[in-house]
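Inspection log for the structure reproduced underneath, given as structure tokens.
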Amino acid sequence: MKRILTTTVVGSHPRSPKVVEAEKRLKEGKIGEEEYDRVVKEATKICIDDQIRAGIDIIADGEQRREDMEVFFAQRLGGFKEGDWVRIWGNNYYRKPIVTGRVEFRGPMTLDDWRFASEYAGNRAEVKQMFTGPYTMADWAFYEAHEDRWDLTLDLAEALAKEAKALDKAGCPYIQIDEPALCTHPQKEEMELQAKALEIITKGLKAKTAMHVCYGDFSLLFPDALDFKIDLIDLEFANSDFRTLDILREYDFTKELGFGVVDVHKREVESVEEIKKNIRRALEFLSPEQVYPKPDCGLKLLPSEELAYRKLKAIGDAVKELREELS
Ligand SMILES: [Zn+2]
């Protein structure tokens, strides 16, 4: 029997204060890479146990190692150099990287963490892996060596295709491409660019593939995204009071849907009843095999691991009840 209402996460967990501290000490030269790695792995185990206890079917490693979703990859790909501090979302700053040459894949960037998580989870849950997509990587960087943003995006797609291949070859069952920048440019041609980029990355993969998008105007995605070479489209819904459902309803939605049912910007925990009600709204026009309940976005935006757990548990409990009601 096919699993219905498969629960998942977007990927990140609040970073453990121990990891943040260890990272500081690593930068100051007070501890070595080995000690930092040990602290990251201990924190990863807690993320994994929390997700499983909450009733999540497809989990992630919690991205404890990623200080920033742009910088983490910029530091590991060839062609990038560190830039100046740029302000994003309120009072958050990151060093906007500069691409000074053709992008070069130097070796897997997320594979070891996936392997560790997958081995630790064992047969308790499936583990996916996510990486920042070429569209967002290009949009959030300065560039000097590329003709234009299109050229850079497709160059990045070629490099990231090798990351996807490495994960696929190792047996990673779900590969997710994170594209928070995708709906922030209103031009319709942006979707043509993304269609090309995704085709490059997902070509020949055995794994199921997903694209996560948050922020911006989701109506820009459709109908183009329905032809993207991916299996699942993962969106936020709770944060916009589920208005995105009205956009989806207009189309014959043939893909799977990552359905955000808890808001990661809100400290109150959504009730089980509320989550059930909102999942039922999606089930008015989608099958329960198609709908993947999950938080809107990465949980790292929440202030504590405890709150992240309670939000996940609400999803797990709601789905458990719905599965009984639907069977
Ligand atoms: Zn997101």
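The values are calculated or read from the model by the stated rules, or taken from the named source; none is laboratory data. Everything numeric here is computed off the predicted structure, so don't read it as measured data. Don't worry about glycine lacking a Cβ; one is built from the backbone with ideal geometry, like all the others, and counts go over all protein chains shown. Keep in mind that these areas ignore ligands, DNA and RNA; they rest on the heavy atoms of the full protein, side chains included. Shrake-Rupley method; radii C 1.70, N 1.55, O 1.52, S 1.80 Å.
Computed quantities for the displayed model
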{"read-out": "Tally of residues being away from the ligand (no atom under 16 Å from the Cβ), in a helix (DSSP H, G or I) and in contact (Cβ under 8 Å) with a residue 60 or more places away in the chain across the range 135-154", "value": "0"}
{"read-out": "Every residue from the range 113-134 that is more than 30 Å from GLN187 (Cβ to Cβ), assigned to a strand (DSSP E or B) and out of contact with any Leu (no Cβ under 6 Å at 6 or more places or on another chain)", "value": "GLU126, VAL127"}
{"read-out": "Answer from PHE218, PHE242 - the residue that is of a type in the set (A, V, I, L, M, F, W, C), touching a helix residue (DSSP H, G or I) at 6+ places or on another chain (Cβ under 9 Å), surrounded by fewer than 23 Cβ atoms within 10 Å (Cβ to Cβ) and modelled with pLDDT under 95", "value": "PHE218"}
{"read-out": "Residue list for the range 198-219, filter: in a helix (DSSP H, G or I) and either within 16 Å of the ligand (Cβ to nearest atom) or of a type in the set (Phe, Trp, Tyr) (or both)", "value": "PHE218"}
{"read-out": "Residue in the range 158-167 that is touching a residue at least 12 places away in the same chain (Cβ under 8 Å), more than 24 Å from ASP68 (Cβ to Cβ) and outside any loop (DSSP other than H, G, I, E, B) present", "value": "yes"}
{"read-out": "Any hit, the range 246-258, residues being within 16 Å of the ligand (Cβ to nearest atom) and open to solvent by 30 Å² or more (accessible area, probe 1.4 Å)", "value": "no"}
{"read-out": "Check on GLY83, in contact (Cβ under 8 Å) with a residue 60 or more places away in the chain and surrounded by 15 or more Cβ atoms within 10 Å (Cβ to Cβ)", "value": "no"}
{"read-out": "The range 99-108, residues that are touching a helix residue (DSSP H, G or I) at 6+ places or on another chain (Cβ under 7 Å) and either closer than 8 Å to GLU163 by Cβ or surrounded by fewer than 14 Cβ atoms within 10 Å (Cβ to Cβ) (or both)", "value": "GLU104, PHE105, PRO108"}
{"read-out": "Filtered residues of the range 288-323 (kept if more than 16 Å from the ligand (Cβ to nearest atom), assigned to a helix (DSSP H, G or I) and open to solvent by 30 Å² or more (accessible area, probe 1.4 Å))", "value": "GLU305, GLU306, TYR309, ARG310, LYS313, ASP317, LYS320, GLU321, ARG323"}
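Residue-by-condition table, conditions (1) under 16 Å from ALA54 (Cβ atoms); (2) within 16 Å of the ligand (Cβ to nearest atom); (3) part of a loop (DSSP other than H, G, I, E, B); (4) touching a residue at least 40 places away in the same chain (Cβ under 8 Å):
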residue: ASP234; (1), (2), (3), (4): no, yes, no, yes
residue: VAL261; (1), (2), (3), (4): yes, yes, no, yes
residue: VAL264; (1), (2), (3), (4): yes, yes, yes, yes
residue: LYS277; (1), (2), (3), (4): no, no, no, no
residue: LEU286; (1), (2), (3), (4): no, no, yes, no
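Table: residues versus (1) open to solvent by less than 50 Å² (accessible area, probe 1.4 Å); (2) within 20 Å of ILE201 (Cα to Cα); (3) in contact with a helix residue (DSSP H, G or I) (Cβ under 6 Å, 6 or more places away or on another chain); (4) at pLDDT 95 or above.
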| residue | (1), (2), (3), (4) |
| --- | --- |
| ASN92 | no, no, no, no |
| PRO97 | yes, no, yes, no |
| THR110 | yes, yes, no, yes |
| ALA125 | yes, no, yes, yes |
| ASP139 | yes, yes, no, yes |
| TRP150 | no, yes, yes, yes |
| ALA157 | yes, yes, yes, yes |
| ALA161 | yes, yes, yes, yes |
| LYS169 | no, yes, no, yes |
